Amino acid sequence: MKNDREMIREKKRIVVKIGSSSLQHAQTGDLDYIRLDVLVRELCNLRNQGKDVALVTSGAIAQGRKAVNLTHSAMEENPIAVKQACAAVGQARLMMAYQKIFAEYNQVAAQILMTRHTVDDEMNRTNAQNTFEELFKLGVIPIVNENDTVATHEIEIGDNDTLSAVVASMIGADLLILLSDIDGLYTDDPRQNPNAVFVETVRHLDDSFMQMGKKSTGSTVGTGGMSTKLGAAKIATSSGADMIIANSSDIRIIHRIMDGRNFGTLFMAEKDETFNLSAFLEEMHDRKG
């Protein structure tokens, strides 16, 4: 009988999420083309195995800000308008980089930009689902980001951990891989507490696990980071997908996970027919808000 990790090999529709910090050089903020190339190669290899693959990527605002040489203080003067302008510049640059590298591996990629309206409005949601389905039939890899050019607080999904889980839910994915700068879920923040214990598998995502995200505080990935990842896990597992949080320090971890090897924290799917995605997003939005 196959164990939980070996069952990962049989997943047919996979969403991979990667954050902007995993795609750029920390010293300069410029794109790390080596890491980008490895990511694209991993995704293309999954596609070549006959799997449906979608990528949720961050980095548009960061690349736009870099392109027009904006300082942090300049961004704070009119934060919403500047952020949207940076996204408009950066999204095009980010997609150009992706398209070039995907073409190197004879793979077609597509861009999909979403807001909360895509999820909340039934017609918009159905249209988006139909677009994803057609792209998969055509063998295309969708590249998804929040539409930061038009998104405001009222209509934003908020972060790409949540967005990737929303995508997994909408397209009926059976696996979501969140690439982060931490190995997975710990009982406490391992950077602050040396006695924090790594959690290998979560079979039932109850309140005791959800509270763990609130304990990790004070770092760029910690608290908000783990809290949003657990929110994403709730969406994914309730929608019928397994989810894995894994460390993006070596992006080749994707094929190691898909080979059934023991990396990251595995959250087991617990499909809940009563789960209301829009209501859950509204609740998350209110808490942030």
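Observations on the structure shown:
- Heavy-atom accessible area per residue - segment 12-77, 1.4 Å, Å²: 46
- Area accessible to solvent at Lys137, 1.4 Å probe radius, in Å²: 150
- Distant-in-sequence amide contacts of Asp32, defined by a placed amide H-H separation under 5 Å and a gap of 5 or more residues or a different chain, comprise Gln24, His25.
- The value obtained for segment 102-185, namely the Cα convex hull volume divided by the number of residues, is 134 Å³ per residue.
- Fully extended contour minus Cα-Cα distance, from Lys100 to Arg256, at 0.36 nm per residue: 53.6 nm
- Solvent-accessible area of Glu6 with every protein chain in place, 1.4 Å probe, in Å² to the nearest 10: 60
- Gap separating the Cα centres of segment 2-65 and segment 167-197, nearest whole Å: 15
- Surface composition of the chain: carbon plus sulfur atoms hold 48% of the accessible area, using a 1.4 angstrom probe and ignoring ligands, DNA and RNA.
- Given in Å, the Rg to one decimal and the Dmax to the nearest whole number for the Cα atoms of the chain are 18.0, 59.
- Each helix, a run of at least 4 DSSP H residues, gives -39500 (n - 2.57); summed and divided by the residues of the chain, these come to -14000 deg cm²/dmol at 222 nm.
- List Leu138, Leu175, ordered by accessible area with a 1.4 Å probe, largest first: Leu138, Leu175
- Estimated FRET transfer efficiency when R0 is 30 angstrom, pair Met210-Ser21 (beta carbons, to 0.05): 0.80
- Working from Cα pairs under 8 Å separated by at least six residues, relative contact order for the chain is 21 percent.
- Each Lys and Arg adds +1 at its Cβ and each Asp and Glu adds -1 at its Cβ; summed about the Cα centre, the chain shows a dipole of about 800 debye.
- Relative contact order for segment 1-83, counting Cα pairs under 8 Å that sit 6 or more residues apart, in percent: 35
The values are calculated or read from the model by the stated rules, or taken from the named source; none is laboratory data. Predicted model, so just to flag it, every value in this text is computed and none were measured. Ideal geometry is used to build each Cβ from the backbone, glycine not excepted, and the neighbour counts take in all protein chains shown. Ligands, DNA and RNA are stripped out before the accessible areas are found, and what is left, the full protein with its side chains, is counted by its heavy atoms. Shrake-Rupley method; radii C 1.70, N 1.55, O 1.52, S 1.80 Å.
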